[in-house]
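This report refers to the structure that appears directly beneath it.
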Amino acid sequence: MTDTVRVGVIGCGWWATYAHLPALQRNDSAAIVGLADSNRQNRAAAAQAFGVSAGFESAEQLLDETEPDAVVVAVPPAFHYECARAALSRGVHVLLEKPMVQDPDHCHELIALARQHEVELVISYPWHYNRQLLDLRDHLANGVIGEIEHVTCLFASIVRELYRGNPEPYRDVLHYVVNAPTASTYSDPAIAGGGQGHNQLTHAVALLMWLTGLIPETVAAFTEAFELRVDLADAVAVRFHGGAIGALSTIGSVYADQEELLEYRIFGKSGHILLDAVQGDVRIYTGGKRRDLPAPEADERYPHWAPVDNLVQLALGHGINQAPGELGLATVLFLNAMYRSSASGGSPIPVPRA
């Protein structure tokens, strides 16, 4: 097995040039063999910034002409399926941006292709590599608070102007080091699919299921776009298999000079947990006592480079896939049910098992 993984990057927008390409450049086991983006300007800027000579207009061209071992798919959600399918069909490992895809049937197809070709499909959820949260996950798996009965989550983020098609006010806070998001990436429903649900709640739902092992059974939801074309706020009541219930809420209206929030409250028969993922604060309350888990350094709380490192290690035959396609599918099923519930006026909608 080779010591160097040949990696192509499909999509050269903001997140690829801020997170994925720098991570690949720093990884001694990775070599960037090509970039693909239909936007010639973005492709050229990324090529210059990261010293990549091979540029292509399509994923298929990159795959056929460079024959990579792995690819990062960082295009808008509407194009996830076709790019990931092209790579997996050729036996190429894939890191796929969230949400995995929009159609659950496409999730099933991608998972089947990965299994058929014996390659890894990783969904890009950076919080799953946070050492403090890995520790918390172990504590929960070992029953630190007993059987979980109730959970709440609030995710408030800095995205409203992205949904308006106006990314410029966030240039400094979101770090457009090479390319900014295009106006339509987050604002056009035909490209983004949804707003806060597909862009942000996807993180919170995947993290909750990954941390706790809870499997959603039924959701009842309201979403609201206000002046936008995609949802800005979502509120979801959830019943989980096994009897636990919960509420997840998200809003994208935090101002650029304020801190984002990702907070969970997890209640079990033997105690409860308060988690502030942004601040790195985890408190475990059991038996009248409180235990705090050690906090990671501020720049390690959201390790945006970690999914790429995971992809490279998996391509080398090492490590564990921290966000596999099955988790991506479960999250898509949740979001699909949430949007359907909202469209029906908040009626309860069953969530199929992944």
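The values are calculated or read from the model by the stated rules, or taken from the named source; none is laboratory data. Note that the coordinates shown come from a computational prediction; the quantities given were computed from them, not determined experimentally. A quick note on method: Cβ atoms are made from the backbone with ideal geometry, for glycine too, and the neighbour counts reach across all protein chains shown. Just the protein is used for accessible areas: all its heavy atoms, side chains included, with ligands, DNA and RNA removed. Shrake-Rupley method; radii C 1.70, N 1.55, O 1.52, S 1.80 Å.
Whenever you get a sec, compute what percent of the accessible area on the chain sits on carbon and sulfur atoms (1.4 Å probe).
Details: 7100 of 14780 Å².
Whole-percent figure for carbon plus sulfur exposure: 48.
For the stretch 258-354, the per residue solvent-accessible surface stands at 47 Å², with DNA, RNA and ligands left out and a 1.4 Å probe. Proximity of backbone amide H atoms, modeled 1.01 Å from N, is registered between Ala54 and Leu35 at under 5 Å, excluding neighbours fewer than 5 places apart on the same chain. In this simple spin-label model, placing a label point 7 Å from the Cα along the Cα-to-Cβ direction at both Arg283 and Ala295 gives a separation of 1.2 nm. The listed residues Asp135, Asp3, once ranked by accessible area (1.4 Å probe) with the largest placed first, stand as Asp3, Asp135.
Which peptide among 124-132, 165-173 comes first, and what is the full order, when sorted by highest mean count of other Cβ atoms within 10 Å?
124-132, 165-173
Roll a 1.4 Å probe over the protein chains and send me the accessible area per residue for the stretch 153-218 in Å².
On a per-residue basis, the stretch 153-218 sits at 32 Å².
Taken along its principal axes, the alpha carbon cloud of the stretch 163-272 reaches lengths of 48, 26, 21 Å, longest axis first.
Distant-in-sequence amide contacts of Leu96, defined by a placed amide H-H separation under 5 Å and a gap of 5 or more residues or a different chain, comprise Val73, Val122, Ile123, Ser124.
What does the C-alpha gyration tensor say about the overall shape of the stretch 100-183? Classify as rounded when a/c is under 1.5, otherwise prolate if a/b is larger than b/c, or oblate. Oblate shape, in that a/c is at least 1.5 and b/c is the bigger or equal ratio.
The candidate values are (i) 60, 48, 39; (ii) 69, 49, 35; (iii) 58, 45, 34; the one derived from this structure for Cα extents along the principal axes in Å carries the label (i).
Let a ≥ b ≥ c be the square roots of the eigenvalues of the Cα gyration tensor of the stretch 185-336; is it rounded (a/c under 1.5), or, if not, prolate (a/b larger than b/c) or oblate?
On the way: a/c = 1.37, a/b = 1.15, b/c = 1.20.
The shape class here is rounded.
Take each peptide in 194-203, 261-270, count the other Cβ atoms within 10 Å of every residue, and average; sorted highest first, the result is 194-203, 261-270. 3J(HN,Hα) couplings calculated from phi for the stretch 158-167 with the Karplus curve 6.51 cos²θ - 1.76 cosθ + 1.60 (θ = phi - 60°) are, in sequence order, 9, 8, 3, 5, 4, 5, 7, x, 10, x Hz; Gly and Pro show x.
Applied to the stretch 44-50, the Karplus parametrisation 6.51 cos²θ - 1.76 cosθ + 1.60 on θ = phi - 60° returns per-residue 3J(HN,Hα) values of 5, 5, 5, 4, 5, 5, 10 Hz, with x for Gly and Pro. Summing Lys, Arg as +1 and Asp, Glu as -1, what charge do residues with Cβ under 13 Å from the Cβ of Ala330 carry, Ala330 excluded? Net charge around Ala330: 0. Between the stretch 329-354 and the stretch 75-104, the alpha-carbon centres lie 21 Å apart.
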